[in-house]
1. Can Phe166 be described as within 26 Å of Phe58 (Cα to Cα), in contact with a strand residue (DSSP E or B) (Cβ under 8 Å, 6 or more places away or on another chain) and in contact (Cβ under 8 Å) with a residue 60 or more places away in the chain?
2. If I go through segment 131-158 residue by residue, how many of them are among the β-branched types (Val, Ile, Thr), within 16 Å of the chain's Cα centre (by Cα) and part of a loop (DSSP other than H, G, I, E, B)?
3. If you check Ile66 against the conditions, is it closer than 21 Å to Leu163 by Cβ and at pLDDT 95 or above?
4. Please determine whether any residue of segment 136-147 is among the β-branched types (Val, Ile, Thr) and closer than 18 Å to Gln67 by Cβ.
5. Anything in segment 41-67 that is within 21 Å of Phe92 (Cα to Cα) and out of contact with any Lys or Arg (no Cβ under 7 Å at 6 or more places or on another chain)? List them, or say none.
6. Hey, Ala74 hits all of (1) in contact with a strand residue (DSSP E or B) (Cβ under 7 Å, 6 or more places away or on another chain); (2) farther than 20 Å from Arg127 by Cα but one; which does it fall short on?
7. Go through segment 33-119 and tell me which strands (runs of 3 or more DSSP E), entirely inside it, have 3 or more residues that are buried (at least 19 other Cβ atoms within 10 Å of the Cβ), touching a residue at least 12 places away in the same chain (Cβ under 8 Å) and among the polar types (S, T, N, Q).
8. Taking the stated definitions as given, is Pro158 exposed (fewer than 14 other Cβ atoms within 10 Å of the Cβ) and at pLDDT below 95?
Amino acid sequence: MNPSYARIKQNKDEFVPRFLEWIKLKKISHLPDIETSESIDLSIDDDENWIGVSVLIFENGAWTLIQDLTGFLATKSPEDWRILSKGADLIFAGYNDSVPYGQFLEIKNGEICRDFLQDLQDPSENRDTGKSKLKNIRIESWIDVAGFVDEDEIAVEPDVADLYIFENQEQRSLLEPRPDMHFHPAEASRCRKS
């Protein structure tokens with residue numbers, strides 16, 4: 001599995017325009033209110049390759065969620081996420097159990113309070129700074145990140161969400177299947193359903 005998502009404590013109507021500017025990619029398509037079970041099929045071409053960078057955006061209570069279908073958001077730096085947060089609480093979390101890899105970033109009131117990344121195939125990228133402000137959260141390994149992602153009740157995928165597909169000049173190299181990364185559509189995983 002390789003689920004990843006971001007959640008920000010802000011309503012979707014306020015957040016989406018800022019996200020669209022922040023991602024700095026040309027929007028190819030916006031499909032509002034799609035059945036989330038169709039998101040992968042709508043994001044791939046006839047050869048089962050990604051059309052582009054694909055994300056689902058939806059709300060859950062006070063939170064807006066960006067579910068990353070292609071793995072692109074993992075390329076964003078902690079400072080990029082802090083800028084996107086504009087003072088709002090934000091969490092980016094994801095893992096890939098075949099690498100293994102886990103990333104957890106927590107921003108509270110516009111400040112990075114926890115930045116964790118563990119990549120067992122490339123330990124030079126590992127980071128482990130700060131302390132989570134969330135209650136009962138312990139992130140010390142990629143397995144802890146996987147547990148957080150799998151159990152995060154805020155990140156439960158709804159039946160309907162907005163699908164955005166973006167063009168990326170680097171998408172061919174980034175989105176092609178690689179033996180060390182499982183961002184290929186056939187292997188894509190989504191946040192758990194309720």
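The values are calculated or read from the model by the stated rules, or taken from the named source; none is laboratory data. Keep in mind it's a predicted model, so treat the numbers as computed, not measured. Cβ placement follows ideal geometry from the backbone for every residue including glycine, while neighbour counts extend to all protein chains displayed.
1. Yes, satisfied.
2. Residues in segment 131-158 being among the β-branched types (Val, Ile, Thr), within 16 Å of the chain's Cα centre (by Cα) and part of a loop (DSSP other than H, G, I, E, B): 1 in total.
3. yes
4. yes
5. Here is the first cut: in segment 41-67, the ones within 21 Å of Phe92 (Cα to Cα) are 52-67.
Selection gives Gly52, Val53, Ser54, Val55, Leu56, Phe58, Asn60, Gly61, Ile66.
6. (2)
7. Passing ranges: none, list empty.
8. Values: exposed (fewer than 14 other Cβ atoms within 10 Å of the Cβ): no; at pLDDT below 95: yes.
Considered against the rule, which asks whether it is exposed (fewer than 14 other Cβ atoms within 10 Å of the Cβ) and at pLDDT below 95, Pro158 comes out as no.
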